Ligand SMILES: [Zn+2]
C-alpha cells in the first residue's frame, strides 16, 4: 500500500522558536524549520500519497526547496510523521450481543463503544463471538448449546451491584461455564440445585442495583475483551472472570481453570 503520511495523530503542530518546529507536547518532537516546511506539513492528511503531495507542494508551497521524499523520510524516522490513519482490520469481524431486558443498558453502551472502535457487524447470525448479557445468573442452556455447536461465547452477568465478565469460552480449547459451575459447586454444594432453577420466569432478577458509572466501566471492560478477540490477542477473560464494581474503579480477577470433572476439554478431540 502507498505511503500516505500524516502528522502524528492527536499531536499539535507548533512553532518552537525562530528556527525549530515541534510536533506534540508530551514531550514533543523537535526538528529544524526550513522554508515552506510548516505549510507543507499542513498538507499531510493521511489520505494523499507522495506523488499527490509533490504536485500539491509545487503548486501551493513553491518556497519549499527540500526534496519531499527525503523530508518525509526524515520526519518519519523522528516519529513526527506516521503512515496514514492506521486502523486494525476489524470490519470483517462478526459479533452477536444478546441481552435480557435487564442487560439492555450495558449491551447498548458496549455496542456504541465497539462501533466507535471500527466494528460494524454487531448483530451477526454467524458471529465470531457471541456475547450474552443477563441480569442475574442466566439459564445454562444457551452456553451448553454454544459449546455443542463449537461457538465462541462470552457470558456477562449483572450480579446485583457488580458485573462479571467471563469466562470467554472457545469450546474445547479454554475453560467453560461448566468448569466455572463445578468450581463453584466445590465450595457451594447447593449450586447444582440452584442452577436448575435459573432462567425460569419466577426466579428472574429484579432491576439491578448497578450504578450508572459502574455500568459504563463494565461496558469499557467488555469492549476491551471483544476487541482483544477481534484483533487475535488473548482476552483477559479467557480462563478467568473479570469483576467490575460495586464502585466503578473496582476490579477483581477470579481464575477459572479447567475443572477435572468437566468434559469440555474432550470436545476438541471428539
Ligand atoms: Zn469445562
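Taking the longest Cα principal axis of the chain as reference, the axis of helix 104-116 is set at about 30 degrees. Quick one: among 101, 127, 171, which has the greatest mean-square fluctuation in a GNM of the chain with alpha-carbon springs under 10 angstrom? Of 101, 127, 171, the most mobile in the Gaussian network model is 101.
In the elastic network of the chain, a GNM with C-alpha springs shorter than 10 Å, the most mobile of 196, 122, 95 is 196. Helix 50-60 sits at what angle to the longest principal axis of the chain, using alpha carbons and giving 0 to 90 degrees rounded to 10? Taking the Cα atoms of the chain, the angle to 50-60 is about 50 degrees.
What shape does segment 5-83 take by its C-alpha gyration tensor, where a ≥ b ≥ c are the square roots of the eigenvalues and a/c under 1.5 counts as rounded, a/b above b/c as prolate, and the rest as oblate?
oblate
Among DSSP bridges having both ends in the chain, what percentage is antiparallel? Round to the nearest 5.
Values: 26 of 38 bridges.
Of all bridge pairs located within the chain, approximately 70 percent are antiparallel.
Max-minus-min Cα coordinates of the chain on each principal axis give 81, 42, 29 Å, with the largest extent listed first.
When the Cα gyration tensor is reduced to axis lengths a ≥ b ≥ c, the ratio a/c is 1.5 or higher for segment 67-159, and with a/b above b/c it is classed as prolate. In the chain, the longest principal axis of the Cα atoms and the axis of helix 68-78 are about 50 degrees apart.
Taking packing as the residue-averaged number of other Cβ atoms within 10 angstrom, the listed peptides 175-182, 143-150 run from highest to lowest as 175-182, 143-150.
A short reminder: the numbers here are calculations on the coordinates, not readings from a lab. Model, not experiment: these values are computed from the prediction. Neighbour counts are summed over all protein chains in view; Cβ atoms, including those assigned to glycine, are modelled from backbone coordinates with ideal geometry.
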